[in-house]
1. Of the conditions (1) crowded, with 19+ Cβ neighbours inside 10 Å; (2) part of a loop (DSSP other than H, G, I, E, B), residue 131 clears all except one; give me its number.
2. Does residue 82 satisfy the condition of being closer than 30 Å to residue 27 by Cα, within 16 Å of ligand 2 (Cβ to nearest atom) and acidic (Asp, Glu)?
3. Are any residues in the range 189-200 open to solvent by less than 20 Å² (accessible area, probe 1.4 Å) and either of a type in the set (Asp, Glu) or away from ligand 1 (no atom under 14 Å from the Cβ) (or both), and if so, which ones?
4. Which of the numbered conditions does residue 149 fail, given that it passes all the others? Conditions: (1) in contact (Cβ under 8 Å) with a residue 12 or more places away in the chain; (2) more than 13 Å from ligand 1 (Cβ to nearest atom); (3) more than 16 Å from residue 201 (Cβ to Cβ).
5. Filter the range 73-90 for residues that are over 13 Å from residue 145 (Cβ atoms) and either at pLDDT below 95 or hydrophobic (A, V, I, L, M, F, W, C) (or both) and give the result.
6. Would you pick out the residues in the range 73-89 that are open to solvent by less than 20 Å² (accessible area, probe 1.4 Å), within 16 Å of ligand 1 (Cβ to nearest atom) and not polar (S, T, N, Q)?
7. Of everything in the range 162-211, what is hydrophobic (A, V, I, L, M, F, W, C), part of a loop (DSSP other than H, G, I, E, B) and under 23 Å from residue 34 (Cα atoms)? Give them in sequence order.
8. Go over the candidates 46, 62 one by one and state the one that is near ligand 1 (Cβ under 9 Å from one of its atoms) and under 21 Å from residue 191 (Cα atoms).
Amino acid sequence: MPNWVKMIEAKVALAKRGAKPSRAGDNPRIPPGQKEVHDFPILDLGLEPEVSPSSWNLRVFGLVEQELDYNWKTFNELPQVDLTTDFHCVTRWSQLDMNWRGVPAREIIMRVRPLEKAAFVTLHSADEYTTNLPLEALLDDDVILAHSVFGKPLPPEHGGPVRLVVPKRYAWKSAKWLTGIEFHEEDRPGFWEVRGYHNEADPWKEERFSHGNL
Ligand SMILES: Nc1nc2c(c(=O)[nH]1)N[C@H]1C(S)=C(S)[C@@H](COP(=O)(O)O)O[C@H]1N2
Ligand SMILES: [Mo]
């Protein structure tokens, strides 16, 4: 008679091995399962929208006291920062020390004054892409609306004229060609989140997919 207990244990062990997070690498700044790159790969839906600075517009709306619209000029009048942060893509590349310049997301959030009940945001992009974050995540001081990278205007293929940069999350949360920030009470999963990507996307916890790592 087969030893069922042993067989089941072996199967569970196999399943767990598959689901186990990757081992950390040598560089403590590279999250588990990631490889360092230096060439800033391009990743998107393959529909590069045409957005010039003169046609670009950012609509900040939803559960706020004061909805606001920015154009290129009014956006550039906001306080700006330089930021050096790491960028981690769920497809397993990480690039360290990216130099961004732009407007901290909290500068805009302060100005629209979210209502008490606003707890989540949807980032809207010109290619119809969306992604979602808790409002709190946007208040971190390393979250910026970037218009430059490595000292040059953000190229169209990387989301120029303006993209979001959220260094603490996998890069799919960093919406390119950003055109809208919408505040709501409930969480609304975005383009990838409804297709199985993890809602939180913390690269240090390997939150790649919502049903584990298999
Ligand atoms: N608008 C928009 N933003 C997007 C995407 C997209 O398809 N459309 N792809 C996301 C994904 S999956 C990644 S990994 C990063 C890649 O940014 P990069 O092309 O500048 O490297 O953009 C994110 N932001
Ligand atoms: Mo990605």
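The values are calculated or read from the model by the stated rules, or taken from the named source; none is laboratory data. The model shown is predicted, which means the values in this text are computed figures rather than measured ones. Using ideal geometry, Cβ is built from the backbone for each residue, glycine included, and neighbour counts are taken over all protein chains shown. Note: areas computed on protein heavy atoms with side chains; ligands, DNA, RNA excluded. Shrake-Rupley method; radii C 1.70, N 1.55, O 1.52, S 1.80 Å.
1. Status for residue 131: all satisfied but (2).
2. Numbers: closer than 30 Å to residue 27 by Cα: yes; within 16 Å of ligand 2 (Cβ to nearest atom): no; acidic (Asp, Glu): yes.
No, not satisfied.
3. 193
4. That leaves (2) as the condition not met.
5. Residues satisfying the conditions are 87, 89, 90.
6. Step one: list which residues in the range 73-89 are open to solvent by less than 20 Å² (accessible area, probe 1.4 Å), which gives 75, 78, 85, 87-89.
Filter again for within 16 Å of ligand 1 (Cβ to nearest atom), leaving 85, 87-89.
Result: 87, 88, 89.
7. Within the range 162-211, the subset hydrophobic (A, V, I, L, M, F, W, C) is 162, 164-166, 171-172, 175, 177-178, 181, 183, 191-192, 194, 201, 204, 209.
Now narrow it down to the ones that are part of a loop (DSSP other than H, G, I, E, B): 162, 166, 175, 177, 191-192, 201.
Hits for the range 162-211 are 166, 175, 191, 192, 201.
8. Details: 62 fails: near ligand 1 (Cβ under 9 Å from one of its atoms).
Step by step, each of 46, 62 is checked, and only 46 is near ligand 1 (Cβ under 9 Å from one of its atoms) and under 21 Å from residue 191 (Cα atoms).
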